[in-house]
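Novice: I'd like to ask some things about the structure below.
No lab work stands behind these numbers, since they all come straight from the coordinates. Keep in mind that this is a model prediction, so the values were computed, not measured. Neighbour counts are summed over all protein chains in view; Cβ atoms, including those assigned to glycine, are modelled from backbone coordinates with ideal geometry.
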Amino acid sequence: MSSHHERKQVPYTPKQMFDLVADVTQYPKFIPWCTALRVISKEDQGCQCFLCADMVVGYKVFREQFRSEVSLDSEALTIEARYVDGPMKNLLNQWAFEDDGKGGCIIDFKIEFEFKNMLMQAAAKQVFDKAFSRMTDAFIARAEDIYGAKG
């Protein structure tokens with residue numbers, strides 16, 4: 001299994017970044033390679049929300065659909081997406097948004113993934129660190145668009 005972990009400090013509040021990442025229906029507008037996203041089900045339970053979503057990812061001639069179950073905890077400011085169906089053997093995304101004590105936050109992003117196809121897994125290892133950094137940067141750019149440039 002491959003993994004990627006990064007922490008980035010941003011000038012936006014933990015709540016702002018949580019809300020931005022939690023708004024999965026907007027992903028096709030700004031996440032590289034995300035061509036479509038559809039929420040299948042949603043269940044609110046106070047400060048926790050659970051949803052099931054299908055995301056279509058496209059890159060050059062490749063086009064794949066993934067189904068994930070997502071748990072959003074607005075009190076703990078954490079998001080976890082667990083893979084349910086698609087071309088992967090395993091996929092887990094975890095987000096945490098921590099107050100940096102200066103009016104901004106630290107984004108803590110972790111992802112673990114494993115393709116069913118070993119050839120794809122080997123190829124993915126070569127490019128995924130850069131791809132995941134690009135994805136995190138897309139969220140930060142989206143925050144600038146929504147909340148304005150800071151810092």
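Novice: Can you tally the net charge around residue 30? Count Lys and Arg as +1, Asp and Glu as -1, for every other residue whose Cβ sits under 12 Å from the Cβ of residue 30.
Specialist: Charge balance in the 12 Å sphere: -1.
Novice: Evaluate the distance, in nm, between pseudo-label points positioned 7 Å from the Cα of residue 116 and of residue 41 along their respective Cα→Cβ axes.
Specialist: Modelled inter-label distance: 2.2 nm.
Novice: How charged is the neighbourhood of residue 18? Take every other residue with its Cβ under 11 Å from the Cβ of residue 18, and add Lys/Arg as +1 and Asp/Glu as -1.
Specialist: Spelling it out: positives minus negatives among the neighbours equals -4.
Novice: How far is it, in nm, from the label point at residue 84 to the one at residue 71 when both lie 7 Å from their Cα along the line to the Cβ?
Specialist: With each label point 7 Å from Cα toward Cβ, the separation is 1.5 nm.
Novice: If you don't mind, another one. If exposed trypsin sites (Lys or Arg not before Pro) are those in a DSSP loop with at most 13 other Cβ within 10 Å, what is the longest stretch of the chain that has none?
Specialist: That would be 1-59.
Novice: Given charges of +1 on the Cβ of Lys and Arg and -1 on the Cβ of Asp and Glu, with all other atoms neutral, how large is the dipole of the chain about its Cα centre, in debye to the nearest 20?
Specialist: So the dipole magnitude of the chain works out to roughly 660 debye.
Novice: For the pair residue 149/residue 98, report the inter-label distance in nm, with labels modelled 7 Å from Cα in the Cβ direction.
Specialist: Placing both labels 7 Å along Cα→Cβ, they lie 2.9 nm apart.
Novice: Which net charge results for the neighbourhood of residue 83, defined as the other residues with beta-carbon distances under 10 angstrom from its beta-carbon, given Lys and Arg at +1 and Asp and Glu at -1?
Specialist: -1
Novice: I need the calculated FRET efficiency for the pair residue 6 and residue 48, taking r as the beta carbon distance and R₀ as 25 Å, to the nearest 0.05.
Specialist: Details: r = 25 Å, r/R0 = 1.01.
With a Förster radius of 25 Å, E is 0.50.
Novice: Oh, and also: Below 8 Å between Cα atoms, with a sequence gap of 6+, how large is the relative contact order for the chain in percent? Let's see the in-between values first.
Specialist: Working: 293 pairs, mean separation 42.0, N = 151.
About 28 percent, as a whole number.
Novice: With each run of n ≥ 4 DSSP H residues scored as -39500 (n - 2.57), what mean residue ellipticity at 222 nm is computed for the chain after dividing by its residue count and rounding to the nearest 500 deg cm²/dmol?
Specialist: That calculation yields -9000 deg cm²/dmol at 222 nm.
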